[in-house]
Amino acid sequence: MEALQQLLDTRKDIWRGRTQPPVSTVSTGQPALDECLPGHGWPCGQLTELQPTHAGCGEVSLIWPLLAQQTQQAQPVLLISPPLIPCPQAWAQAGIDLGHLWIVRSEHHSLWAAEQALKSGLCGAVVVWPHTNRLTATCLRRLQLACEHGHAPCFLVDGDLNRPITTSSALRLKIAPGPLVTLMHTRHAQALTPHTLDLRLTARTAQ
């Protein structure tokens with residue numbers, strides 16, 4: 001029994017049944033948001049769902065700091081089937097190295113393209129817009145399994161707020177203009193009370 005306890009004390013990656021094994025994270029670039037998230041950052045090798053109430057209300061700017069960090073480290077970042085062509089000037093001003101930013105224009109095969117990119121293990125981050133009205137639990141499970149092949153965080157941007165909470169993703173965030181960010185789901189909590197964070201006010205305070 002003592003030998004087993006010693007093993008559990010030294011190996012923090014062993015799943016103990018009721019608790020989840022630790023997941024490595026990377027900072028969101030927003031200290032207030034880091035504080036609210038399990039692991040204090042975006043989960044690596046995991047799926048995060050971003051659900052904007054309106055397209056373009058802050059879902060992309062929320063992940064700009066991470067994308068900037070990855071591209072500045074020469075890690076490829078893939079945008080798969082974005083609804084609009086990204087403005088190069090705005091992305092460059094956000095600190096993103098455009099030489100390591102790739103755009104895949106494939107509305108009908110966006111989820112498949114995301115799976116292949118994640119399984120390759122070569123990407124710093126993947127952002128995918130599914131362009132489908134039937135985003136099933138199976139689709140999300142396949143994406144999550146693909147994430148586990150590598151270390152890259154994957155962000156699925158989907159505005160269907162009526163989709164059931166049950167999901168394979170590590171996180172689900174609702175984003176309203178501001179941006180106002182509400183943590184709707186986390187795999188690491190048994191019971192979660194949605195908490196809304198006004199990142200606009202946080203940014204003003206930091207200035």
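Some notes on this structure:
- As for segment 75-84, it holds at least one residue that is at pLDDT below 90 and more than 17 Å from the chain's Cα centre (by Cα).
- Selection status of PRO177, modelled with pLDDT of 75 or more, over 17 Å from the mean Cα position of the chain (by Cα), open to solvent by 40 Å² or more (accessible area, probe 1.4 Å) and not polar (S, T, N, Q): yes
- If the condition is being assigned to a loop (DSSP other than H, G, I, E, B), surrounded by fewer than 18 Cβ atoms within 10 Å (Cβ to Cβ) and touching a helix residue (DSSP H, G or I) at 6+ places or on another chain (Cβ under 9 Å), then segment 55-81 contributes GLN73, ALA74, GLN75.
- Screening GLY99 on (1) assigned to a helix (DSSP H, G or I); (2) at pLDDT 95 or above; (3) crowded, with 18+ Cβ neighbours inside 10 Å; (4) not polar (S, T, N, Q) shows it passes everything except condition (3).
- Residue check, TRP42 open to solvent by 10 Å² or more (accessible area, probe 1.4 Å), at pLDDT 90 or above and closer than 17 Å to VAL157 by Cβ: no
- Selection within segment 13-39: residues that are aliphatic (A, V, I, L, M) and in a loop (DSSP other than H, G, I, E, B). The member of this set that is modelled with the highest pLDDT is LEU37.
- Any hit, segment 143-166, residues being open to solvent by 30 Å² or more (accessible area, probe 1.4 Å), assigned to a helix (DSSP H, G or I) and under 21 Å from GLN46 (Cβ atoms): yes
- Count of segment 111-129 residues, restricted to those that are without any contact (Cβ under 8 Å) to a residue 40 or more places away in the chain and part of a loop (DSSP other than H, G, I, E, B), is 1.
- Scanning segment 41-70 for residues that are in contact with a Ser or Thr (Cβ under 7 Å, 6 or more places away or on another chain) and either within 22 Å of GLY95 (Cα to Cα) or hydroxyl-bearing (Ser, Thr, Tyr) (or both) yields a total of 7.
The values are calculated or read from the model by the stated rules, or taken from the named source; none is laboratory data. Quantities reported herein were computed from a predicted structural model and do not represent experimental measurements. Note that each Cβ is placed from the backbone with ideal geometry, even for glycine, and that neighbours are counted across all protein chains shown. The protein model used for the area step is the full one, side chains on, heavy atoms only, and it has no ligands, DNA or RNA in it. Shrake-Rupley method; radii C 1.70, N 1.55, O 1.52, S 1.80 Å.
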